[in-house]
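Note sheet for the following structure.
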Amino acid sequence: MTKFQTHRLSVAPMMDWTDRHCRVLHRMLSARALLYTEMLTTGAVLHGDRARLLAYSPVEHPVALQLGGSEPADLAAAARIGADLGYDEINLNVGCPSDRVQSGRFGACLMREPERVADCMAAMGAAVTVPVTVKCRIGVDDQDPEASLFGLVDLCAKAGVSHFVVHARKAWLKGLSPKENRDIPPLDYPLVWRLKRERPELTIVINGGIGSLDDAEAHLAHVDGVMLGRAAYHTPGLLGDVDRRLFGEAASVGPAAAVAAYRDYVASELARGTHLAAMTRHMLGLFHGAPGARAWRRILTVEGVKPGAGLEVIDRALEAVTPAARSGLEAQGLAGGLEAGEAA
């Protein structure tokens, strides 16, 4: 079997989506994909509730911590905290276009300050032994994408960075909302492919508008890795085929098998006082396109928010999906366990 690096397929950091519960679900579908936290600002890491903000389950590895900030000393300190907690990579966000990020002088607006980004990366790299990486856009506003992207990458490479995730769109900080910035600026995949071709010693991962594993495989002819965002979140079942198709493993993981694997985690979190809906909201698209998928979503959405909702909600939702979609559980002899859970 060919051994591939984890960056070959990763799941993008997405605010309010890729929390620790989401990441565990994704890990149940793929043992090999690299997972990212939501972006955390240096202020939150240094002065906030670290036990809550930086919590993760050991099953999430490999998992990267994404930071937002622009002060080298603060980023170095936050990176050190993340590394000490066992995160496998520390990533700097140089791509988020939200107003809140701009006002804090981090995210995509830093594309205009490549020297500062390089200083930040040098400080982070000196503070930790795990890889430090950059996630960026190809430019902002009226910047020339070739000059802005290659300029940022070259300065960061001189600072010791070898791994870059490039969202192949500009960010228009004036005139477009964060949501519009995810769709309206045109994609320029060939520019990112060219970056890899002309900087072969660097690891280049492409991001933006990639909706399927077929698309991912096509990009892997040009770059080292692919990062999936909304496609992975809204249709997480596609992650079940990642290890087989992109990492050379023998088998895929079906949605029902992922539910069975996730169930133990849900039970442990319920015992700690976590609300069921905090976990099931990430499962809504798991059976996307399958018979019974609408009932699956409805039961999880309506019943999952009720006080005291527990595993029986997941079991009932699973019963609404056709037997063909449940075959992964039955093959493992787990259907009876689900019924017993309902009775309890």
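The values are calculated or read from the model by the stated rules, or taken from the named source; none is laboratory data. A quick note: this is a predicted structure, and the numbers were derived from the prediction, not measured. Don't worry about glycine lacking a Cβ; one is built from the backbone with ideal geometry, like all the others, and counts go over all protein chains shown. Surface areas here come from the heavy atoms of the whole protein model, side chains and all, with no ligands, DNA or RNA. Shrake-Rupley method; radii C 1.70, N 1.55, O 1.52, S 1.80 Å.
Counting only residues at least eight positions apart within a chain, or on another chain, the lysines with an alpha carbon under 17 Å from that of K135 are K158, K170, K196.
What residue among L238, L53, L286 shows peak mean-square fluctuation when the chain is described by a Gaussian network model with Cα springs under 10 Å? Among L238, L53, L286, the largest mean-square fluctuation in the Gaussian network model of the chain belongs to L53.
Leaving out ligands, DNA and RNA, what percent of the accessible area of the range 229-309 is carbon and sulfur, probe 1.4 Å? Could the numbers behind the result be given before it?
Working: 2010 of 3610 Å².
Percent of accessible area from carbon and sulfur atoms in the range 229-309: 56.
For the range 5-86, what class follows from the C-alpha gyration tensor (a ≥ b ≥ c being the square roots of its eigenvalues): rounded when a/c is under 1.5, otherwise prolate if a/b is larger than b/c, else oblate? The shape class here is prolate.
Just from its helices, what would the mean residue ellipticity at 222 nm be for the chain, if runs of 4 or more DSSP H residues each count -39500 (n - 2.57) and the sum is divided by every residue, rounded to the nearest 500 deg cm²/dmol?
On the way: 17 runs with 154 residues, N = 344.
Calculated from helices alone, the mean residue ellipticity at 222 nm is -12500 deg cm²/dmol.
Kindly state, to the nearest 0.05, the FRET efficiency for H275 paired with T322, given R0 = 30 Å and r defined as their beta-carbon distance.
0.60
Between Q66 and T37, L40, N91, the built amide H atoms are under 5 Å apart, and every one of these is 5 or more places off in sequence or on another chain.
Between 0 and 90 degrees, the angle of helix 145-158 with respect to the longest Cα principal axis of the chain falls at about 90 degrees. The long axis of helix 255-271 is offset from the longest Cα principal axis of the chain by roughly 90 degrees.
Solvent exposure of the chain amounts to 41 Å² per residue of accessible area, where only protein heavy atoms count and the probe is 1.4 Å. What is the percent carbon and sulfur in the accessible area of the range 79-194, measuring with a 1.4 Å probe over the protein chains and ignoring ligands? Answer for the range 79-194: carbon and sulfur cover 53 percent of the accessible area.
Would you work out if the range 170-220 is rounded, prolate or oblate? Take a ≥ b ≥ c from the square roots of the eigenvalues of the alpha-carbon gyration tensor; rounded if a/c is under 1.5, else prolate when a/b is larger than b/c, oblate otherwise. Kindly include the intermediate steps, with their values, before the conclusion.
Numbers: a/c = 3.06, a/b = 1.57, b/c = 1.95.
Oblate shape, in that a/c is at least 1.5 and b/c is the bigger or equal ratio.
By the gyration tensor of its Cα atoms, with a ≥ b ≥ c the square roots of the eigenvalues, what is the shape of the range 53-177: rounded for a/c under 1.5, prolate for a/b over b/c, or oblate? Write out the running numbers ahead of the final one.
Working: a/c = 1.89, a/b = 1.53, b/c = 1.23.
Since a/c reaches 1.5 and a/b is larger than b/c, the shape of the range 53-177 is classed as prolate.
A cut-off under 12 angstrom between Cβ atoms defines the neighbours of G209, and their net charge, with Lys, Arg +1 and Asp, Glu -1, is 0.
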